[in-house]
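Asker: Structure below; questions to follow.
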Amino acid sequence: MHVVLHLIPKKYLIGGALILLGLSGLLLMGTFVAITGGFESQNEQGEVTEIEGGGIGAGTANVSPEVMRYQPLLEKYAQKHGLDASYVPIMMALMMQESGGRGSDPMQSSESYCDGTVGCIKSPELSIDKGVLHFKSVLEKAKYDLKLCLQSYNFGGGFINYVMKNGGKYTPELAISFSQMQYQRVKHTGNYHCVRPEMIPYGACYGDAVRP
């Protein structure tokens, strides 16, 4: 099955149209995967599904069947919130990294929707509705810098302000320093730990940063 989506307008392409979208961690893990070649996923019969479109770079990425089933809802709420449909593949990749399409909050929207409260959303459709809205908000705040948008979706909008005060452009080094700073503020709660062991020596255990 081939799902064909519109190309992202050229004005949104970044520096020759490369974006970090490694599905084992999107840009957060530092795996460089571009999108023009489409996403691929395996259905229950083991057949590969490609999501063509995106207009960014070249390559493929694996998207689970659990994520694929939410494509219609992502398209629905992209239209509702006035977000170009060409961003749907990117949000599918984002969902893959956040949850693999599993659980009642596949877009991990609870914190942005409930003022920092984790797990308040119990409906996948509400998660997607609020996740698409949050993605659009972060994208606009990041001035359509997709690298910055994707990292900020994970870190929170404060990362955009931090980047703007420190050169105005996303870098892995800025992601690490922001993670270190935020972790120092919240580690006393015991609710945060390094999701990637390689980040423990850096003390960058807030969110999902990537080693430079």
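Nothing in this text is a laboratory measurement; each read-out follows from the coordinates by a stated rule. Source: prediction; values computed, not measured. So basically every Cβ, Gly included, is an ideal-geometry build from the backbone, and we count neighbours across all protein chains shown.
Asker: Suppose the chain between His193 and Ser123 were pulled fully straight at 0.36 nm per residue; how much longer would it get relative to their current alpha carbon spacing?
Answerer: Full extension from His193 to Ser123 adds 22.5 nm.
Asker: Note down the nm distance, to one decimal, between modelled labels 7 Å out along Cα→Cβ at Lys80 and at Asn62.
Answerer: 3.2 nm
Asker: Near the amide H of Tyr206, under 5 Å away, which other amide H atoms are found, from residues 5 or more places off or on another chain, if H is placed in the peptide plane?
Answerer: Tyr183
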